[in-house]
Each structure stands twice: as C-alpha cells, then as structure tokens.
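**Student:** Okay, here's the structure, questions in a sec.
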Amino acid sequence: MVALLGLAAAGLSGCDAPAAMGEPDSLILIISDDLWTQSEDTAYVHLEPTVRTTRDDKKFFVHRVAPADPEIPKLLLWKQVIVVATPDDERLRQIVAATGDTAGLQPGQVLQVGDVWARGQAATAVVLQPGFEYESWIRLLPDLAATIDRDYRAYVLSRMYVSGPDTASARSLADRFGYTLRYPAVYETVALADEVVLIRNDNPDPADLIRSILIERGPPADSLTAADVVAWRSAAARTHYNIPQRTVTDDSVGVPLDLSGASGLEVRGVWEDEGTYPAAGPFIARGVTCPTATIFIDAWLYSPNPKRSKYAYIIQLEEILDSFSCET
C-alpha cells in the first residue's frame, strides 16, 4: 500500500505503474464538498444518463469523493478518474503534465489523457475559473459528458473487435444476398432460408448473454413506415427464433436513417419471451430501402444480470447495424 500511495501521489505512469482497477463505466469524480452540494442534481443528469433497455438503465455510475478523502490514493488508480478544480490544483497539474502541454492550465478546459496514475486509465481534468467555480463547472458539464461517452465508446469498440472482423462471412453475404455488414469473428453466421440470415453471439453462455441479428431480404418498396418495421419484426420474431418473441413498443414513431446513401427507418423497443421463461430485453429493428430490395434487420440483446452494464452491448449492436450498406 505504501508503494501504491507514493505512486498515486507522484502521478507516475509507464511500465512501473499498476494496472487500473474497476470498470470503465464507473466514474471517480473528485470535487469539493461545496461545489458538489450546489450542483449535485445537475451533475447527475449529465454524468449518469440512461439508455432504454427493459427499463431506464444508467450508462455510467458516479462515485463522488472530496479532494482530501483518505481513500483518494486508491481511487486515483481507477479506470476513470475525473478531477474538477481550479488551475492551482496539483492533481490537475499532473494530468496536464501527462498531455505534454507546457503552456499550463487554462480555465474552461476539459482535458483527458491516459495512464496518469495507472495503466489503462483515462484521467480527465475539468479546469474551473477561480472565483466562478460553480458557473464554469455547470458550463463544462456537457463537454465532460461528451468526453466520457466518447472515450467509453472507443473502449467498447476496441474490445469488440479483439477477435477481428469476420471477413469471409461478409464476402459471402455480399455475394449471396447483395448487401454488406461488418461484425466480429466471434459471431456465428447461419443462413435460415434463401433470404434470411441469422448472426448470433451467445458466448460464453447463452443463459447469461446473447447478442443476435436477423436480416431478411424482401421486395423493394417506395417507402417505409414505423408500422411496417414493427409488423415485420413481430412476424420475424415469431417465425425465425427458437423461442418466439413478443414485440413491445412504446409508440410507433420511427427514426429516419441514412446508411451509406440508402434511406431507412429504425424502431426500438422491448422483446418478451412468449414461452414459459420470463425473459426479455431491448431490440433495435430497421428497415432499409435498397435499390432492388427492402432489407429488414432486427438486433436484440439478452443480458439478465442486473449488475452488468447493457450500454456496452447496445453500442456494439449499433456499430454492427451502422456498418450495413446496400449492394453497390
């Protein structure tokens, strides 16, 4: 512990630094008691946004700590550390030193750099204006939230393709069905019928985690409505899945898409197991108007562990869906 305390205090990094602890969606927020008391509700709105799954799940989890807290030396070794202070703060100076910026700290900045106190860490400095700490903190919260989300997405996507993309299956889809989709090699590709493909990842255990994508090629259509997408999804989920699913949507409003020049429509909601097992999860259904066909895509997630973040898997499914393109 003495060695770790010394390392954290010095802000050392590199080969001698310990590996960062905790989860990347857990945010250690170092901020003064007074400033936190004034801004707590607003800060939570920005730093703990939600994503709709079967409920509103938090994307991130804030652990607020005062600058003089005795646990600080340990918490500085976390994967996500945010320091909110004025330019005279020593921890802010350690973060800016790690960026290589010799010009010093300027109020109004949000700076993020890796491996300040631990390897694999993202340390973020929020530089407040002296005398206007509250005003500058409130003004910088949107930038901070965007920085945290951008870093987390990059982390999730880098881990997603550790196995590499399945280039062979991607070529097969293009040759056989006339569209392209990019997804990791850990997904299994199964052709269910002449115009239907199922791409599934149920590693390491389907009882604990499933990511599934169904693609069906249909006749061309001049336009699509949200009701069209929901109707297709409802029929496909009862026909093509081992256990039929019920499709639940809050409304029938679709979100317009542009996928490599092709117009599309997206509807999100919840699927529910129509069997005896009380399973459920989020889905993303899309209809894409291609030149010679309408392509319907349904992506769904099963992740029953309440302690596991579903946001990371939603990001992965979105990345795969956004890679779709019609035949060229």
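None of the figures in this text is laboratory data; all of them are computed from the coordinates on show. Given the structure is predicted, the values throughout are model-derived calculations rather than measurements. Reconstructed Cβ throughout: ideal geometry from the backbone, glycine too, with neighbour counts over all protein chains shown.
**Student:** Between Glu318 and Ala19, what is 0.36 nm times their sequence separation minus the Cα-Cα distance? Round to one decimal in nm.
**Tutor:** Stretched fully, the Glu318-Ala19 segment lengthens by 104.7 nm.
**Student:** Next question. When a footprinting reagent is the concern and you count Cβ atoms within 10 Å, what order do Tyr313, Tyr161 take, fewest first?
**Tutor:** With the sparsest Cβ surroundings first, the list reads Tyr161, Tyr313.
**Student:** Counting other Cβ atoms within 10 Å of each Cβ, which trypsin sites (Lys or Arg not before Pro) in the range 231-328 have at most 16 and sit in a DSSP loop?
**Tutor:** Counting only loop positions with at most 16 other Cβ atoms within 10 Å, the trypsin sites (Lys or Arg not before Pro) in the range 231-328 are Lys307, Arg308.
**Student:** Between Arg308 and Glu90, what length comes free when the chain is fully extended (0.36 nm per residue of separation minus the Cα-Cα distance, one decimal in nm)?
**Tutor:** Here the answer is 75.0 nm.
**Student:** In addition: By DSSP, what percent of the beta bridges with both residues in the chain are antiparallel, rounded to the nearest 5?
**Tutor:** For the chain, the DSSP antiparallel bridge percentage is about 80.
**Student:** Taking the Cα atoms only, what angle lies between the long axis of helix 311-322 and the longest principal axis of the chain, rounded to 10 degrees?
**Tutor:** So the helix axis and the longest Cα principal axis differ by about 50 degrees.
**Student:** Calculate, in nm to one decimal, what Phe132 and Asp273 gain on full extension: separation in residues at 0.36 nm each, minus their alpha carbon distance.
**Tutor:** Gain on extension, Phe132 to Asp273, equals 45.4 nm.
**Student:** Determine the calculated [θ] at 222 nm for the chain from helices alone, applying -39500 (n - 2.57) to every DSSP H run no shorter than 4 residues and normalising by the residue count; nearest 500 deg cm²/dmol.
**Tutor:** Counting only the DSSP helices, I get -10000 deg cm²/dmol.
**Student:** If you take every DSSP beta bridge whose two residues both sit in the range 2-160, what share of them, in percent to the nearest 5, is antiparallel?
**Tutor:** Bridges in the range 2-160 that DSSP calls antiparallel: roughly 35 percent.
**Student:** I've got another one for you. Please find the FRET efficiency linking Ala66 to Val162, where r is the Cβ-Cβ separation and R0 is fixed at 25 Å, and quote it to the nearest 0.05.
**Tutor:** About 0.10, to the nearest 0.05.
**Student:** Now, a different point. Once the dipole of the chain is set up with Lys and Arg at +1 and Asp and Glu at -1 on Cβ about the Cα centre, which of Gly178, Ile320, Ala97 lies farthest towards its positive end?
**Tutor:** Gly178
**Student:** Give me the distance between the Cα centres of the range 36-82 and the range 231-295, rounded to whole Å.
**Tutor:** Between the Cα centre of the range 36-82 and that of the range 231-295, the gap is 33 Å.
**Student:** Determine the relative contact order of the range 38-149: mean sequence separation of Cα pairs under 8 Å and six or more apart, normalised by residue count, in whole percent.
**Tutor:** After rounding, I find 26 percent.
**Student:** Let me ask another. Give me the one-decimal nm value for the distance between modelled label points at Asp56 and Ser260, 7 Å along each residue's Cα-to-Cβ direction.
**Tutor:** With each label placed 7 Å out from Cα toward Cβ, I get 3.7 nm.
**Student:** Within the range 23-124, which GluC sites (Glu not before Pro) sit in a loop by DSSP and count at most 13 neighbouring Cβ atoms inside 10 Å?
**Tutor:** Of the GluC sites (Glu not before Pro), the ones in loops of the range 23-124 whose Cβ has at most 13 other Cβ atoms within 10 Å are Glu71.
**Student:** Note down the magnitude of the dipole of the range 167-322 about its Cα centre, charges +1 on Lys and Arg C-beta and -1 on Asp and Glu C-beta and zero elsewhere, to the nearest 20 debye.
**Tutor:** That gives the range 167-322 a dipole magnitude of about 260 debye.
**Student:** Can you pull the one-decimal nm distance between simple spin-label points at Asp101 and Val190, each 7 Å off the Cα toward Cβ?
**Tutor:** So the label points at Asp101 and Val190 sit 5.1 nm apart.
**Student:** Starting from the eigenvalues of the Cα gyration tensor, five times each then square-rooted, give me the equivalent ellipsoid semi-axes of the range 167-322, largest first, whole Å.
**Tutor:** Rounded to whole Å, the semi-axes are 23, 19, 15.
**Student:** Quick one: putting +1 on the C-beta of Lys and Arg, -1 on the C-beta of Asp and Glu, what dipole do you get for the chain around its Cα centre, in Debye to the nearest 20?
**Tutor:** Computed charge dipole of the chain: roughly 580 debye.
**Student:** Below 8 Å, C-alpha to C-alpha, sequence gap of six or more: please give me the relative contact order for the chain in percent.
**Tutor:** Relative contact order of the chain: 15 percent.
**Student:** Tell me which label goes with the value of Rg and Dmax of the Cα atoms in Å computed from the coordinates here: [x] 19.8, 62; [y] 23.2, 69; [z] 19.4, 56.
**Tutor:** Derived directly from the coordinates: [y].
**Student:** Whole percent per 5 Å bin, from 0 to the bin with the longest distance: what is P(r) over all C-alpha pairs of the range 2-160?
**Tutor:** Cα pair-distance distribution for the range 2-160, in percent: 1, 9, 19, 23, 21, 15, 8, 3, 1, 0.
**Student:** Rounded to the nearest 5, what % of the DSSP beta bridges within the range 83-164 are antiparallel ones?
**Tutor:** Of those bridges, close to 60 percent are antiparallel.
**Student:** Which one, Leu198, Leu257, Val229, projects farthest toward the positive side of the charge dipole computed for the range 192-267 from Cβ point charges (K/R +1, D/E -1)?
**Tutor:** Leu198
**Student:** Something else: What does a probe at Gln38 reach in the range 71-114, counting residues whose amide N is under 17 Å from the point 7 Å along Cα→Cβ?
**Tutor:** Output list for this probe position: 84-89, 107-109.
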